[in-house]
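The values are calculated or read from the model by the stated rules, or taken from the named source; none is laboratory data. The structure displayed is predicted, hence computed values, not measured ones. All Cβ positions, even for glycine, are placed from backbone atoms using ideal geometry, and neighbour counts span all protein chains on display.
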Amino acid sequence: MEERPGDDRQQLPPPSLWPVGFAVGVVCLLVGLVISWPVAAIGAAIALVFGFLWARDVTGRPTAAAPPPDEAAARPEPVTGERFPRSRFLEGATLGLGAVIGAIVTLPAAGFALLPGFLKQKAHNVDLGPISDFEENKWKIVTFARDVTNPNVSRRTAFVRNNGLLDGVPSFTVISNRCAHVGCPVQPGGPVFEKDEKTVKTDNGDVLITPVLPAAGFICPCHGGSYDQEGNRIAGPPVRGLDRYEFDIVNGRLILGDLYSVLKVEGSGKTAKIEKVELHGPGQHADGPESWLYPLQPPH
Amino acid sequence: MAATKSERGDKLQAAVMYPLDWLEERSGIVGGIRYFLFRNVPRDSSWWHTLGSATLTAFLVQLVTGVILAMYYKPSPAEAHSSIEHIQHDLWGGWLVRGMHRWGASVFIILMFMHMGRVFLFGAYKYPRELNWIVGVLILATGLFEGLTGYLLPFDQTAYWATVVAVNINGTAPFVGPYLATVLRGGAEIGPDTLARFYSIHMLLVPGALIALIGLHLYLVVRLGITSPPWSKEAAGVEPDDEPPPARSGLVQPGPRAAGVRRRPTE
């Protein structure tokens, strides 16, 4: 770059074509993430090479034009005066006091805005009525209010199957209908017998029980995620299987507890082996390297 | 006769100017407005340069209609949808104002992208205007967030499930995702507080941020001036008359201007 006298324009590096190649590489990388790994690898390689060339182009020149080191050494010593003048004390005190007042006002407000969502998240146990409503080895769609004081926003649906007695205790499969992709409600893959629908009155408001035959498992209408009858992912974008509810039998009634996430279910019915994990949000991996991206879950 | 007329004219002028002068002397606001509205712009700036003002107008429409909608809207899970129905079907003009807000939202977003495209294609993001591009991107992001939060407010099935999906997508962000989703919902699940939370974000928090960002954006526009279009001969330092008139890219024949009619008056 030649230096012209009186040229006060900003000295910019000359135009370079490397960013174009870098952009092509990034696009290739992103497309590759969607369609195939080799394309992504090629894209990453292109982006790396061109990014390196670009960075070298941009950073290479100014260092050549940097001032010689002796100039820095020749800078004058800072003028020694009063070590801590009054004006600087007042300046610091004003800023410090302002910061304290600001913090006193801001922190409680910010805490009030953000923290309640993480605290006092009490789980509501839900009474689904007597277990005699659930015939053995028959699926039911059960719709209930998780929080009876706010039924408008807490209506939930679970798929419930009575597996019969296991060691003398009734065993149930209770699968949440929240898709493990982005949380749409999954639908049963089979006929719903709406005319046999039944409403059970409980302490928790009305519970709607509808017989269903999910022969093809469960299918999400949003993006096509599909699951088998045990909630294992078969196809589509979900990152794991369907979540399940803890359950308890109290005085012959089925009580739902907390949700938990499931990695894999081996076998089926009452002898199924369920790999439980802490409840994860939809779309969050619970196993494999991707699960390292979600090391800590907020309280549910 | 003529003398009395001009005397009356002088008096009238004085009557009009007096309050303006009073204001100007005490605030400088008249001069400020004149500086803002009558500043110089490149001679060859075109209709493309009006997309930014159009976006601002769309935003102002959203502000006004939003304030009025807030007079009738009730942000509680039990009442939200019925209050929207009330606005839409019972109140005089409600359908119009809500329609303006609803469709105006899309217009605002579309105009933002068109303005962004103009700035990109004209190279108007280059030195010294890079910072204004960055501010513009922040305006785009906050504008899209307005769209996200506003979408929940009708509180019908579409609104509810779209928000479920949108919040869960935020929840898949690495490390902070689960916490971000909890903050957005105000809990582990969409609950009774989520709607009011989104309403507050939609009508107070984000518009406040948008107004501040738009103010900064305009300040930088006025400070730095606007760019000439890339085809500007003036900006290229070429005298307009030394060059042949710009060729028109007619499909069949060049237009009359290219055939020799000068576009600008000779200086």
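So in the range A:225-242, with the set limited to residues that are surrounded by fewer than 22 Cβ atoms within 10 Å (Cβ to Cβ) and within 14 Å of another protein chain (Cβ to nearest Cβ), which one is farthest from A:Lys264 (Cα to Cα)? In this case the residue turns out to be A:Pro237.
Residue pairs whose Cβ atoms lie under 8 Å apart, separated by 6 or more positions or on different chains, with the first residue in the range A:185-196 and within 14 Å of chain B (Cβ to nearest Cβ) and the second among the hydrophobic types (A, V, I, L, M, F, W, C) and part of a helix (DSSP H, G or I), are A:Pro185/B:Trp161.
Answer with yes or no whether A:Glu275 is outside any loop (DSSP other than H, G, I, E, B), among the acidic types (Asp, Glu), within 24 Å of A:Val34 (Cα to Cα) and within 26 Å of the chain's Cα centre (by Cα). Criteria not met by A:Glu275. The criterion of being under 25 Å from A:Glu136 (Cα atoms) and either within 14 Å of another protein chain (Cβ to nearest Cβ) or more than 18 Å from the chain's Cα centre (by Cα) (or both) does not hold for A:Glu290. Given B:Glu239, B:Glu234, which one is modelled with pLDDT under 95, surrounded by 13 or more Cβ atoms within 10 Å (Cβ to Cβ) and over 17 Å from the mean Cα position of the chain (by Cα)? Just one listed residue meets the conditions, B:Glu234. Just one of the listed residues (A:Gln229, A:Gln284, A:Gln187) is at pLDDT 95 or above and in the same structural domain as A:Val148 (by TED's automatic domain parsing), and it is A:Gln187. Among the listed residues A:Tyr245, A:Tyr260, identify the single one that is free of Cβ contacts under 8 Å to residues at least 60 places away in the same chain and either more than 9 Å from chain B (Cβ to nearest Cβ) or not in a strand (DSSP E or B) (or both). Only one candidate qualifies: A:Tyr260. The set of residues from the range A:145-184 being in a loop (DSSP other than H, G, I, E, B), within 13 Å of another protein chain (Cβ to nearest Cβ) and not hydrophobic (A, V, I, L, M, F, W, C) comprises A:Arg146, A:Asp147, A:Thr149, A:Asn150, A:Pro151, A:Asn152, A:Ser154, A:Asn177, A:His181, A:Gly183. When A:Pro299 is tested against (1) part of a loop (DSSP other than H, G, I, E, B); (2) in the same structural domain as A:Leu166 (by TED's automatic domain parsing); (3) modelled with pLDDT under 95, exactly one condition is not met: (2). Applying the criterion of being closer than 15 Å to A:Asn152 by Cβ and more than 7 Å from chain A (Cβ to nearest Cβ) to the residues of the range B:177-193, the residue that is surrounded by the most Cβ atoms within 10 Å (Cβ to Cβ) is B:Glu189.
Taken over the range B:70-87, the criterion of being exposed (fewer than 14 other Cβ atoms within 10 Å of the Cβ) and part of a helix (DSSP H, G or I) is satisfied by B:Ser82, B:Glu85.
Residues in the range B:151-176 that are more than 9 Å from chain A (Cβ to nearest Cβ) and in a loop (DSSP other than H, G, I, E, B) were compared, and the one that is nearest to B:Ile84 (Cα to Cα) is B:Pro154.
So in the range B:141-150, with the set limited to residues that are surrounded by fewer than 17 Cβ atoms within 10 Å (Cβ to Cβ) and either over 26 Å from the mean Cα position of the chain (by Cα) or touching a residue at least 12 places away in the same chain (Cβ under 8 Å) (or both), which one is nearest to the other protein chains (Cβ to nearest Cβ)? This residue is B:Phe145.
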